Amino acid sequence: MADERVEVVLRVNGRDHRLEVSPRWTLSDVLRHQVGLTGTHVGCEQGVCGACTVLLDGEPVRSCLIFGVQAEGHNVTTVEGITPESGLSPLQEAFRKHHALQCGYCTPGMLLTAQALLDREPNPSEETIREALTGNLCRCTGYQFIVDAVMAARGQGRGA
Amino acid sequence: MKPAAFQYFRASTTDEALDRLAQHPGSKVLAGGQSLVPLMNFRLSRPDVLIDINGVADLGRLAIEDGELRIGALVRHRQLAESGDVAGAVPVLPLAAKHIGHWAIRNRGTIGGSVAHADPASELPAALVALQGTVVLRSARGERRVAAEEFFQGFFNTDLGEGELIVEVRIPISKSRFGFNEVVRRPGDFALVGAYVERSGPGGSVTWFGLGGRPERLLVDAWPQDAAGRGTLLEELVEGLPLDVSEDYKRAMAVTVAERAYQQAEGEK
Ligand SMILES: Cc1cc2nc3c(=O)[nH]c(=O)nc-3n(C[C@H](O)[C@H](O)[C@H](O)COP(=O)(O)OP(=O)(O)OC[C@H]3O[C@@H](n4cnc5c(N)ncnc54)[C@H](O)[C@@H]3O)c2cc1C
Ligand code: FES
Ligand code: FES
């Protein structure tokens, strides 16, 4: 079958991108290779690891399980979109301070899931935080420091 | 890996989706993509044509009509878990829906996709069997309704025909009390074994999933009042299932999850 191209306009981090994509390209690949935003990491490509998590209209989703063409008409937020022009957001600052990352592979997905939780519920309990993060795997930290960081970032909003 | 090439159609109405299905034999419906896209990423599934139904507003309807909860095929797991209407009408449904995968999975996955996929370890097909639900199917040839107990036929195997679309599932609002429980290795995993227990007057039913190829519902004339008596009854029921439950631990777990579900049904209301 011919690998056709279709034209789409994707709204990523508040900016429109006019792109030619193949329908078979996942959103994670379109973000990384077409839009040039490499903060979205790709691990398992089967929905399990959570490294590729982005926000679609504010809700966490697996960008490896959505095709790029499907994101048309929606707002996509990647880790670049929750990072201030200079410096770090309160959540990112808390990750730094609490050693919530080591290799950093899981971090973009962790940040987006945690940010979506804090957007929706500014003061979640530890249990709620743990439940929200069950879909994001980390092979380095043992999770405790990630939970500590999200707890510390409660009630501070997204920052700049 | 990456999916093989396919032609992509975005349907905006149910009729448009049905037309496309009729025109392209072998095409696949794309709903939440939470089961189909992993298979495509690993090229275990290589459909030539994908018909995306995410833009079909009609399929996202959630309503209570004629004593039934009517759930459009496109209703996401997250909506089931969080809707007050669902909790009021069929309280066990949100309890079970919260156990499906993770937050990001529940944001996309749909009841129609879950029912069509028919993973034997999934929560919603078993809920439909336990709650005596009906699957509403439509194709260019017309509409038909199939009892959930007949719809699920075996491992990933259903009565869904060529060119057919699941448009809705219907669950009767019942006076029975239901409980739910499952055992998983890690939160968010598919269940090793799960059970729904119904208490209606002195008896009711138990529906197990994860044991065989499809959910199995068994009637109970009278629930013993003591836990030991229930344990014996549940053991007998598991033994009697027409399944190859080769692992003993699964039999033991089946009894345990059913007892927990029974306790939960008792606590309800
Ligand atoms: C990490 C992870 C964990 C998961 N954990 C669980 C779990 O614990 N329990 C559980 O039950 N599920 C789990 N799932 C699967 C999830 O529930 C899926 O959402 C569900 O199985 C399929 O629904 P979907 O809408 O994503 O369907 P899709 O993936 O879009 O489609 C699945 C199949 O159904 C067909 N289809 C979809 N909609 C229709 C329709 N309306 N009519 C006819 N055919 C249709 C498609 O053509 C395809 O063959 C998990 C998934 C992932 C990635
Ligand atoms: S890469 Fe998408 S969940 Fe692992
Ligand atoms: S920091 Fe390495 S995987 Fe989480």
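Read-outs throughout are calculated quantities, based only on the coordinates presented, and are distinct from any laboratory measurement. Bear in mind the structure is a predicted one, so any value in this text is a computation, not a measurement. Cβ: placed from backbone, ideal geometry, glycine included. Neighbour counts: every protein chain shown.
Stokes-Einstein, applied to the Kirkwood radius of the stretch B:57-172 over Cα pairs at a viscosity of 1.567 mPa s and 4 °C, places its translational diffusion at 93 µm² s⁻¹. Annotation: amide H-H contacts under 5 Å for B:Val49 (H modelled 1.01 Å from N, sequence separation of 5 or more, or interchain): B:Gln7, B:Lys28. Sequence-ordered 3J(HN,Hα) estimates for the stretch A:52-61 from the Karplus curve with 6.51, -1.76 and 1.60 and θ = phi - 60° stand at 8, 4, 10, 9, 10, 6, x, 10, x, 9 Hz, glycine and proline given as x. Distance from the C-alpha centroid of the stretch B:20-73 to that of the stretch A:1-39: 22 Å, rounded to the whole angstrom. Taking every residue in A:55-68 and counting other chain Cβ atoms within 10 Å of its Cβ, the average works out to 5.
So for chain B, averaging the separation of alpha carbon pairs under 8 Å that are six or more residues apart and normalising by length, what relative contact order in percent results?
Details: 589 pairs, mean separation 43.0, N = 269.
16 percent.
What area, in nm² and to one decimal, does the C-alpha convex hull of the stretch B:115-269 cast on average over all directions? Present the calculation step by step, with values, prior to reporting the outcome.
Numbers: hull surface 38.6 nm².
The orientation-averaged projected area of the Cα hull of the stretch B:115-269 comes to 9.7 nm².
A rounded overall shape is assigned to the stretch A:78-153, the ratio a/c of its alpha-carbon gyration tensor axes (a ≥ b ≥ c) being less than 1.5. The charge dipole of the stretch A:57-158, taken about the Cα centre with unit charges on the Cβ atoms of Lys, Arg (+1) and Asp, Glu (-1), comes to about 300 debye, rounded to the nearest 20. Looking at the stretch B:7-52 from every direction and averaging, what is the projected area of its Cα convex hull in nm²? Hull-based average projected area comes out at 3.0 nm².
When the Gaussian network model of chain B links Cα atoms closer than 10 Å, the mean-square fluctuations of B:Arg106, B:Arg185, B:Arg70 top out at B:Arg185.
Electrostatic bookkeeping for B:Lys2 treats Lys and Arg as +1 and Asp and Glu as -1; over the other residues with beta carbon under 14 Å from its beta carbon, the sum is +1.
Among A:Met110, B:Met1, B:Met40, A:Met151, the order by Cβ neighbours within 10 angstrom, fewest to most, reads B:Met1, A:Met151, B:Met40, A:Met110. Prolate is the label for chain B, because the ratio a/c of its alpha-carbon gyration tensor axes (a ≥ b ≥ c) is 1.5 or higher and a/b is greater than b/c. When the helices of the protein assembly as shown are scored as -39500 (n - 2.57) per DSSP H run of n ≥ 4 and the total is divided over every residue, the value at 222 nm lands at -8500 deg cm²/dmol.
Counting other C-beta atoms within 10 Å, which of B:Leu50, B:Leu69 has the fewest, and how do the rest follow? Don't skip to the end; give the middle numbers.
Details: B:Leu50 27, B:Leu69 23.
Fewest-to-most ranking of B:Leu50, B:Leu69: B:Leu69, B:Leu50.
Kindly put B:Phe155, B:Phe6, A:Phe145 in sequence by how many other C-beta atoms sit within 10 Å of each C-beta, fewest to most.
B:Phe155, A:Phe145, B:Phe6
When only alpha carbons are used to place a centre, the stretch A:68-93 and the stretch A:120-149 end up 19 Å from one another. Relative contact order of the stretch A:17-160, taken over Cα pairs closer than 8 Å and 6 or more residues apart, is 26 percent. Model label points for A:Arg5 and B:Asp15, set 7 angstrom from Cα along the Cα-to-Cβ axis, are 3.6 nm apart.
Rounded, prolate or oblate: which fits the protein assembly as shown, taking a ≥ b ≥ c as square roots of the Cα gyration tensor eigenvalues, rounded meaning a/c under 1.5, else prolate when a/b beats b/c?
Details: a/c = 2.01, a/b = 1.30, b/c = 1.54.
Judged from the Cα gyration tensor, the protein assembly as shown comes out oblate (a/c at least 1.5, b/c at or above a/b).
Starting from the exponent 0.38 and prefactor 2.2 Å, build the expected Rg for the stretch A:1-81 from its residue count and divide its actual Cα Rg by it. Mind showing how you got there, number by number?
Numbers: Rg = 11.6 Å, N = 81, 2.2 N^0.38 = 11.7 Å.
The stretch A:1-81 yields a ratio of 0.99.
For the stretch B:74-137, divide the Cα radius of gyration by the Kirkwood radius and give the resulting Rg/Rh value with two decimals.
Values: Rg = 10.8 Å, Rh = 11.7 Å.
Here Rg/Rh amounts to 0.92.
Across the alpha-carbon set of chain A, the Rg to Rh ratio works out to 0.99, Rh being the Kirkwood radius.
Computed log10 I(q)/I(0) for the stretch B:177-265 at 0.22 Å⁻¹: -1.06, from the Debye equation with unit scatterers placed on every C-alpha and solvent omitted.
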